[in-house]
Amino acid sequence: MNHLIIFVLVITMCFGLNEGIVCSDPNNQNPRCGGAGCRLNTLELRNELGRGNILKVDCTSNQNKKTGPQVVKFNESYAFSFEEVHAKRIVWACHLRHGPKGEYYQSIWRAYRGAAKKRCAQIRTWVAKVDGIYLVRNAEPKGHQFVWLKS
């Protein structure tokens, strides 16, 4: 039993230390690595509306960055990564639509809000379900956040 505990501890340490090494090489071309060894932040939008339902996503930031309209099929995700810049707090807003004629919609004005100090490896996942939109922050479910509006 002691050998199993030691084995699990060693494996855990290897994976944990490997996480920090990924971006430490300045020549690393990993798209999740930002400047100064800081892993990029990610905003993900996932479609769990049901078979055959399409989620339309369009995100923009307060720094005039745009993702353009995206079509997300059932059980798929659309994600993009970005870096927080210390001088100016970034805020991403996303507009979501679904339904046969796109009649259900919601605007998430703070899909991601940067902090006053630069943060690394932050993940915001918004999950679109039939009864509303749910948030998962850094793998921690935050629950139901928005209901769908109907046009």
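Read-outs throughout are calculated quantities, based only on the coordinates presented, and are distinct from any laboratory measurement. If you're wondering where the values come from, they're calculated on a predicted model, not measured in any experiment. Every residue, glycine among them, receives a Cβ derived from its backbone with ideal geometry; neighbour counts consider all protein chains shown.
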Of Lys73/Lys118; Lys129/Lys150; Lys66/Lys88; Lys88/Lys142; Lys56/Lys117, pairs whose Cα-Cα distance is over 21 Å: Lys73/Lys118; Lys88/Lys142; Lys56/Lys117
Karplus 3J(HN,Hα) series, Hz, for the stretch 134-139 with 6.51 cos²θ - 1.76 cosθ + 1.60 (x for Gly, Pro): 10, 10, 10, 10, 6, 6
Isotropically averaged projected area of the stretch 49-150, using the convex hull of Cα atoms (one quarter of hull area), nm²: 6.5
Cut-off under 5 Å, modelled amide H: who pairs with Glu76 long-range: Asn47
Karplus-derived HN-Hα couplings along the stretch 87-97 (A = 6.51, B = -1.76, C = 1.60, θ = phi - 60°), whole Hz, x at Gly and Pro: 5, 9, 5, 8, 10, 9, 10, 10, 10, 10, 9
Over the stretch 49-150, relative contact order from alpha-carbon pairs under 8 Å, at least 6 apart, %: 22
Neighbour-limited loop hits for GluC sites (Glu not before Pro), the stretch 40-91 (at most 15 other Cβ within 10 Å; DSSP other than H, G, I, E, B): Glu76
